[in-house]
Amino acid sequence: MTRIAPHDVAEVLETELDDSALMAFISDANRVVNRRCEPHTDDDEALADVETYVAAHLATAKEPRVSATSHESVGVELDADGDRYWHQAVLIDPTGRLDRPERGYGVATT
């Protein structure tokens, strides 16, 4: 069972994704947090915060942001912007294990 709901992710990530789309990212984030962090802390509140930012990180891959536009030509640069959410998750991880891939398991950042 996940620790968070779609509205928790929507509080940190401005998104137009619906709840079912966000729930898929939340489920993935929950698996990451459970595998990497849960065995090393009993602080469910902190794990919920980490799960929120990992889900936001994953959701940015589905909904990239415009990072630059040009009036001189027809061009738009898209930026997944997920790194900031990943880095926030790593900063608040009480176990310090989120950013240390061990046993062949890791999360790729954009």
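The values are calculated or read from the model by the stated rules, or taken from the named source; none is laboratory data. Predicted model, so just to flag it, every value in this text is computed and none were measured. Note that we place each Cβ from the backbone using ideal geometry, even for glycine, and neighbour counts take in every protein chain shown. Just so you know, the surface numbers come from the protein's heavy atoms only, side chains and all, with ligands and any DNA or RNA stripped out. Shrake-Rupley method; radii C 1.70, N 1.55, O 1.52, S 1.80 Å.
Numbers for the structure displayed
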{"read-out": "Label-point separation, Arg100 to Ala5 (7 Å along Cα→Cβ), nm", "value": "3.5"}
{"read-out": "Probe 1.4 Å, protein heavy atoms only - accessible area per residue of segment 1-49 in square angstrom", "value": "60"}
{"read-out": "Area of Asp19 that stays accessible when all protein chains are in place (1.4 Å probe, Å², to 10)", "value": "100"}
